[in-house]
Amino acid sequence: MKIAILYHSETGNTAKIAEFIAEGAQSVNETDVKTMSLDAIDAEFATQAQCLIFGCPTYAASVSWQMKKFLDTTNLKLADKLGGVFATGDYLGGGTEVAELCMIAGLLVRGMLVYSAGFTRGNPLTHFGAVAIKSGDEPQRERAKIFGQRMAQKAKELFM
Ligand SMILES: Cc1cc2nc3c(=O)[nH]c(=O)nc-3n(C[C@H](O)[C@H](O)[C@H](O)COP(=O)(O)O)c2cc1C
């Protein structure tokens, strides 16, 4: 089960959270997880992946324009695959969830099956996806790992 984590990151915060999500996903048996920056996508791996998780920084209380451009224009086949999102920002209330909803809109338009676990799996509750302030403190990093684990478990349930 291949899981691709695609992120946009200028100063490294989102890239770090991508690694924590990957760690959580990789902790699930039979997963092969790869993180990749939008400017260095392993197209073969991403095409084979049945679960793709997208992350970006919050810009002006919304999705970064680089991620928006990617989701608007990519030729990657995303339809019928499991999708999830995460976002970083500098402060609480700065728009991380708006950034996530914008990514989710892009995934839905591409025909992805969007998942976050919501509150169905108990604590930690995840609503739209994983979020972190900058590169996250320890609890935020732990939540990112759990988010990755839950995404991988759901992908296995659906596709294996
Ligand atoms: C142009 C720009 C706009 C930003 N706007 C917001 C914002 O509206 N809300 C917020 O919380 N952080 C904002 N930030 C901060 C980034 O979202 C935050 O530092 C993020 O973690 C950077 O991710 P990166 O290190 O992966 O590039 C902004 C940063 C930049 C460069």
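The values are calculated or read from the model by the stated rules, or taken from the named source; none is laboratory data. Computed from a predicted structure; not experimentally measured. Neighbour counts are summed over all protein chains in view; Cβ atoms, including those assigned to glycine, are modelled from backbone coordinates with ideal geometry.
Could you tell me whether L125 is assigned to a helix (DSSP H, G or I), at pLDDT 95 or above and over 19 Å from A15 (Cα atoms)?
Judged against the criteria, L125 is not a match.
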### Message
Pull out all pairs, ordered by first then second residue, where Cβ-Cβ is under 7 Å, the residues are six or more apart or on different chains, the first lies in segment 88-110 and is near the ligand (Cβ under 6 Å from one of its atoms), and the second is in a helix (DSSP H, G or I) and at pLDDT below 95.
### Response
none
#### Entry: Selection within segment 111-123 - touching a residue at least 24 places away in the same chain (Cβ under 8 Å) and either over 24 Å from S64 (Cβ atoms) or among the small types (G, A, S) (or both)
G111, S116, A117, R121
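Being among the β-branched types (V, I, T), surrounded by fewer than 20 Cβ atoms within 10 Å (Cβ to Cβ) and at pLDDT 95 or above is true for just one of V33, V109, V63. Which residue is that?
V109
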### Message
closer than 27 Å to S27 by Cβ and surrounded by fewer than 18 Cβ atoms within 10 Å (Cβ to Cβ): is that true of L82 in this structure?
### Response
no
### In segment 79-95, residue nearest to I17 (Cα to Cα) [restricted to those that are part of a loop (DSSP other than H, G, I, E, B) and not aliphatic (A, V, I, L, M)]
D90
### Message
So if I check each of T73, T58, which one is free of Cβ contacts under 8 Å to residues at least 12 places away in the same chain, polar (S, T, N, Q) and closer than 16 Å to G106 by Cα?
### Response
T73
### Message
S135 - would you say it is of a type in the set (G, A, S), out of contact with any Cys (no Cβ under 7 Å at 6 or more places or on another chain), within 14 Å of the ligand (Cβ to nearest atom) and touching a residue at least 40 places away in the same chain (Cβ under 8 Å)?
### Response
yes
#### Entry: All positions within segment 96-120 that are farther than 17 Å from E23 by Cα, out of contact with any Lys or Arg (no Cβ under 6 Å at 6 or more places or on another chain) and part of a loop (DSSP other than H, G, I, E, B)
R110, G111, G118, F119, T120
### Query
Restricting segment 86-100 to residues that are of a type outside the set (S, T, N, Q) and closer than 23 Å to A152 by Cβ, which is surrounded by the fewest Cβ atoms within 10 Å (Cβ to Cβ)?
E97
### Query
Can you pull out the strands (runs of 3 or more DSSP E) entirely within segment 1-78 that have at least 2 residues that are within 13 Å of the ligand (Cβ to nearest atom) and over 13 Å from the mean Cα position of the chain (by Cα)?
51-59
